[in-house]
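First up is the structure itself, then whatever we jot down about it.
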Amino acid sequence: MMTQLPALQSWVDQVAAHTRPLAIHWCTGSEEEYQSLIEQMLVSGTLTTLNEKTYPNCYLHRSDPDDVARVEHLTFLCTQNEDDAGQNNNWMSPADGHAKMDALFDGCMEGRILYVIPYCMGPIESPYSRCGVEITDSPYVVANMKLMTRMGSAALQRIEREGTFVRGLHSTGELDPERRFIMHFPDELSIKSYGSGYGGNALLGKKCHALRIASYQAREEGWLAEHMLIVGLESPAGAIHYIACAFPSACGKTNLAMLIPPEELHDWKVWTLGDDIAWLHPDDTGKLRAVNPESGYFGVVPGTNRKTNKNAYDMIMHDAIFTNVATTADNEPWWEDKKDGAPAFDWQGRPYDPANGPAAHPNSRFTVAATNNPSYSKLADAPEGVPISAIVFGGRRKTVAPLVFEAKSWKHGVLVGAGTASETTAAMVGEVGVIRRDPMAMKPFCGYNFADYWSHWLSFEDTVPHLPKIFHVNWFRQSEDGEFLWPGFGENLRVLQWIIERCEHRAGAGETPIGFLPHPEDIDTIDLGISAETMELLTSVDAQQWRDEMISLGKYLESYGDRTPAELMRQQQLVLAALDKELARA
Ligand code: OXD
Ligand code: MN
């Protein structure tokens, strides 16, 4: 017996009887355990070492070439009633889901070790945290979970105290894409994932637990589990505002979360609390407070360099696991846009040949503990979390969306969030560069019907008196010849400064049909070298284009049928009416 909790012990026994592993290992989360797993993976070839002088304690993992991203088309929500999953999810009945998965898991761990990973999403002492146990046959998953979650003995103690936990069962199986599924059973607080060893498919604490299952729990319990980074912005006067930002995958959340202020704003400080997930809870004072359920990062590597994200560049030079990057002749990790060194071997270990495509896989990743980050916030471990001043939505839009605007109210902000859309990237399997709607950046992650999710968001207006303001940003606007109009990266702080000053009722803005937009002079562009004409374009909206956007959004919202909240459609109608008035005047 490895635990005092009979429910946990009997689940592990049942899984072991079904999957028939060689041995069972209960993870303690200690450094020695991590090192011994690393040694074992070096021997088996699952990992290789990288240059020990320049990248101490860094390792490379090459995943199966057919297993390089999240697989949304193989990810399912299993609820009794199909409508509860909604058209935003693939659905299967719980009975069919279990039958399918149980057949795959039958005997799948023969010859392998079954690892039991108790973990806590959120600070161990926080009332906002929730625990889970992942059973896996992948030592790579265990090592990643050690870096990304609070896992091991302390989590087990909390689980034993509370008695409830999310059950995540994972096996890499044969890595056959035909035998790969990720199933969620939210009513049972359980997850079954088979056939992938990659990222969000396999590290079940992240997308599966902290977003899909947690969003379902959050609706029942009156909070929000969101695909948001959390960052603290400290002004020269010493005031810190915390903001939570939701952007679709690979839109620069990690870069924004650890932004380095530009020279012009060098007296600002930026503190990272999280780069991917925020759990937002109403507190006793009527504000929303956030905790990051994770304690590490699983970030996209290509594009990371000293200029785009110096903090990330530095933090991945030690104690990191790289997955699917290329290597140099000196055995350093290499990726596109690293701006240092040259690839000798590509992500599949072949001698580098540009004819084979990029050297690093476009969705190659680093895994590091958050404490590696030079801008790590002391409050990332605070049980009470941080109060949120602003929620920021955004996407990758070449056209249409201005640099930034503020929603007129919480309810209008929910419409703005529901209207989030972005051009697709390599983080998900499928075509790259097509616009897809990604409400609140939760399309792949909302564990229930989006229509009910929007109602849940709207309901906060009645229950939380001091809600944050809601904004929308677009760093990715392009000119007709494909040049980015806004420099992005550290310079985004200039936009965040406007957002904060709006929260403090200090910054100017003009009211438009789509919300409050800054005048060009409301954003600090000193030393930016950006033309007045470009700023004018970035801070204005084309009424006809936005009208088309609203019509298309309205159709999308209505496609959810009767469950779509009437209030959301009313907000869309209000914006349309204001646009029509403006177009009639023009
Ligand atoms: C991620 C994603 O990996 O959103 O964070 O795809
Ligand atoms: Mn993400």
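Shape analysis of segment 285-427 yields a ratio of the Cα radius of gyration to the Kirkwood radius, Rg/Rh, of 1.06.
Anisotropy class assigned to segment 345-434 is oblate, per the alpha carbon gyration tensor with a/c at or over the 1.5 cut-off and a/b no larger than b/c. In the chain the longest region clear of GluC sites (Glu not before Pro) that are loop-assigned by DSSP and have at most 12 other C-beta atoms within 10 Å covers 111-430.
Residue separation of E558 and D66 scaled by 0.36 nm, minus their Cα-Cα distance, works out to 173.5 nm of gained length.
Nonpolar atom fraction for segment 118-252, defined as the carbon and sulfur part of the 1.4 Å probe accessible area, stands at 49 percent. In segment 9-92, the alpha-carbon atoms span a convex hull of 199 Å³ per residue. Nearest 10 degrees is fine. How inclined is helix 31-44 to the longest principal axis of the chain, computing both from alpha carbons? The angle comes out near 70 degrees. Where only DSSP H runs of four or more residues are counted, the chain gives -8500 deg cm²/dmol as its mean residue ellipticity at 222 nm, each run worth -39500 (n - 2.57). If we count every other residue with Cβ under 12 angstrom of V301's Cβ, Lys/Arg +1 and Asp/Glu -1, where does the sum land? In short, 0.
Taking the C-alpha atoms only, the angle from helix 6-19 to the longest principal axis of the chain is near 70 degrees. Here the chain is described by how far its Cα atoms reach on the three principal axes: 75, 55, 46 Å, from widest to narrowest. Each of A577, L528, T564 was placed along the dipole of segment 451-586 (beta-carbon charges, centred on the mean Cα), and the one lying farthest toward the positive end is T564. Cross-linked pairs K146/K307; K207/K411; K207/K253; K207/K443; K253/K443; K53/K310: Cα-Cα separations exceed 18 Å for K146/K307; K207/K411; K53/K310. Take the alpha carbon gyration tensor of segment 387-516, find the square roots of its eigenvalues, order them as a ≥ b ≥ c, and report rounded if a/c is under 1.5; if not, report prolate when a/b exceeds b/c, else oblate. Here segment 387-516 falls in the oblate category. Set the Förster radius R0 to 30 Å, insert the Cβ-Cβ distance between R179 and Q40 as r into 1/(1 + (r/R0)^6), and round the FRET efficiency to 0.05. Taking R0 as 30 Å, the efficiency between R179 and Q40 is 0.70. In straight-distance terms, cross-link reach from K408 covers every one of the lysines whose alpha-carbon lies under 20 Å from its own, apart from those fewer than eight places away in the same chain; here that gives K287, K469, K581. Distance between the C-alpha centres of segment 5-77 and segment 462-505: 39 Å, rounded to the whole angstrom.
Net charge in the neighbourhood of L280 (other residues with Cβ under 9 Å of its Cβ; Lys, Arg +1, Asp, Glu -1) is 0.
Taking other residues whose beta carbon is less than 13 angstrom from the beta carbon of I499, and scoring Lys, Arg as +1 and Asp, Glu as -1, yields -1.
Annotation: per residue accessible area for segment 294-385 equals 39 Å², rounded to a whole number [probe 1.4 Å, protein chains only]. Computed from Cα atoms, the angle from the helix 139-148 axis to the main principal axis of the chain rounds to 40 degrees. Look at where the Cα atoms of segment 148-191 and of segment 317-382 average out, and the two centres are 27 Å apart. Semi-axes of the equivalent ellipsoid of segment 218-357 are 35, 19, 11 Å, computed as sqrt(5λ) over the eigenvalues of the C-alpha gyration tensor in descending order.
A full extension of the chain between S459 and S235 corresponds to an added length of 77.4 nm, given 0.36 nm per residue minus the alpha carbon distance. Within the chain, DSSP assigns beta bridges of which about 65% are antiparallel (rounded to the nearest 5).
If you sort the three axes of the alpha carbon gyration tensor as a ≥ b ≥ c, you get a/c of 1.5 or more for segment 440-521 and a/b no higher than b/c, which makes it oblate.
The values are calculated or read from the model by the stated rules, or taken from the named source; none is laboratory data. All figures in this text were calculated on a predicted structure; none of them were measured in a lab. Reconstructed Cβ throughout: ideal geometry from the backbone, glycine too, with neighbour counts over all protein chains shown. Please note that ligands, DNA and RNA were not included when accessible areas were found on the heavy atoms of the full protein model with its side chains. Shrake-Rupley method; radii C 1.70, N 1.55, O 1.52, S 1.80 Å.
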